[in-house]
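Let me begin by presenting the structure, written as structure tokens, before commenting on it.
The values are calculated or read from the model by the stated rules, or taken from the named source; none is laboratory data. Just so we're clear, the structure is a prediction, and the values are computed from it rather than from any experiment. Every residue, glycine among them, receives a Cβ derived from its backbone with ideal geometry; neighbour counts consider all protein chains shown.
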Amino acid sequence: MFFTYLLRELRRRRRQAALVSLGLAVGVGLVVTVGAASSAASSAQDQVLHSLYGVGTDLTVTKAPTAGSGGGFHFGGAAGSAPRSFSGSHIGSSPGLALLSNTDVTKVAALSGVRSAVGGLSLISITFSGQFTPGSGPPSSTTGPPSFSANTVSIVGVDINNPAVGPLSGTTLLSGHYFASSDQDAQVALLDASYAKQQGLKAGSTVTLGGSSYRVLGVVSPPSGGTGSDVYIPLERAQALGSAANQVNTIYVEAQSSSGVSAVSREVSGLLPSATVTTAATLASQVSSSLGATSGLAGSLGTWLAVIVLIVAFALAAMLSLSSVSARVREFGTLKALGWRTRRVVGQILGEGLAEGVVGATLGVGLGFLGAYLVGRIGGTVKTVVGSSTFPRAGGALAAAAGRFRPGAALGGGGHTVTVHLNGTVGLATLGLAVGLAVAGGLLAGGIGGWRVARLQPAEALRQVG
């Protein structure tokens, strides 16, 4: 009887029921779409952080070099001497990163809340050649620029015993194989896919670093949208190349739980007060440009728009329910006069509102998935710029002036651009919230109508019909 009466009334009032369901569907669809857009922005940010940070790394520890450290390299000769040709190479620690001791890595690993800590050594290999006139001073508009060329290769020494944390944690092996446990002091290397393609190298090839040949074990690709170092070698070999025995310039730390990252950061800062501790949260705050704009738009404008539409849908459903009750006064009065109890009549109205909410939720979920699809299709790709100070990457160009060369003086570049694709995904939590809101809207409308019916007396209803 309940369902027969419910279906008959919904068919009889199909225009009104369709209007209520459609209003709820639009609100639900917006909630799902906004959730998908937020998920896409969050996923894009995760791709950026993983490409810069390492999937298994919760925080990194670095140290800024002191003023005047790093020394200099001069091309000597008396002023006025004839131009000289020169060539050479230099391998040194990446600019902007001072050296830390291996014992610092051990101390960090022993802290409470730290699951694992490994050291890494980022190096720059510079090969240069050209001509210069000793003592001639910096180039001018009359003398023109010096004849000088340089090639840089970024190298990272990795702890091959714990590849899950650090520079290799987010990479994908494209060919060959990773380091073996016996490779700690072997002259072997992994190459970044872009560098390998540029140099025409592959697994089994050899690459020259510091005058020595290294056998290429494999080719790796950085995380989606990221840029890795050109060459990865065992940490001990990197320390030998960079004349940095028992030293590193980056400590990669994995916390025991995500909730304990802040506490670990404070512990590390207390242990190494002169070091800079960077967490995923602080790194995320430096992610800029269109990614930040997309995330902000989805989190503010989209949310408020969904809230406003839901409020309007709920108000519309409530008003239509009251209007329906007012138009059915004679019907409800007759039912009460025939013996229907108030709770049965109210239950019937609530059932109608629930049915409208379920229909609205179903349509809204469909609209939401359509919106999520459009987020991926129309949103396309976004580019985010991360400053070079946020991560120990190498790059940039070499500058020469005043007839002298200072390694690392003009390396590093002004920033790193990462391109990511927006993929709107709909999570179960978002779906549950959207369906719950639609059902709540239908019950709210039915509840208001039921409240009006509960106050209705049979004799009064029949008198109003007259």
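Can you give me the number of residues within the range 96-133 that are within 26 Å of the chain's Cα centre (by Cα), in a loop (DSSP other than H, G, I, E, B) and either among the polar types (S, T, N, Q) or more than 14 Å from residue 244 (Cα to Cα) (or both)?
So the answer is 2.
If the requirement is being closer than 30 Å to residue 129 by Cα and at pLDDT 75 or above, which of these qualifies: 18, 64? Show your work before the answer.
Working: 18 fails: closer than 30 Å to residue 129 by Cα.
Of the residues listed, the single one that is closer than 30 Å to residue 129 by Cα and at pLDDT 75 or above is 64.
For the list (1) closer than 19 Å to residue 25 by Cβ; (2) at pLDDT 75 or above, I need the number of the one condition that residue 307 fails.
(2) is the only condition that residue 307 fails.
If I filter the range 163-180 for residues that are at pLDDT 90 or above, polar (S, T, N, Q) and out of contact with any helix residue (DSSP H, G or I) (no Cβ under 6 Å at 6 or more places or on another chain), do I get at least one hit? Give the derivation first.
Quick first cut of the range 163-180, residues at pLDDT 90 or above only: 173-180.
Next, from what is left, pick out any that are polar (S, T, N, Q): 175.
Okay, now just the ones that are also out of contact with any helix residue (DSSP H, G or I) (no Cβ under 6 Å at 6 or more places or on another chain), so 175.
Scanning the range 163-180 turns up at least one residue that is at pLDDT 90 or above, polar (S, T, N, Q) and out of contact with any helix residue (DSSP H, G or I) (no Cβ under 6 Å at 6 or more places or on another chain).
Does residue 207 count as of a type outside the set (D, E, K, R) and either within 24 Å of residue 99 (Cα to Cα) or free of Cβ contacts under 8 Å to residues at least 40 places away in the same chain (or both)? Give the steps one after another, and end with the answer.
Working: of a type outside the set (D, E, K, R): yes; either within 24 Å of residue 99 (Cα to Cα) or free of Cβ contacts under 8 Å to residues at least 40 places away in the same chain (or both): yes.
Yes.
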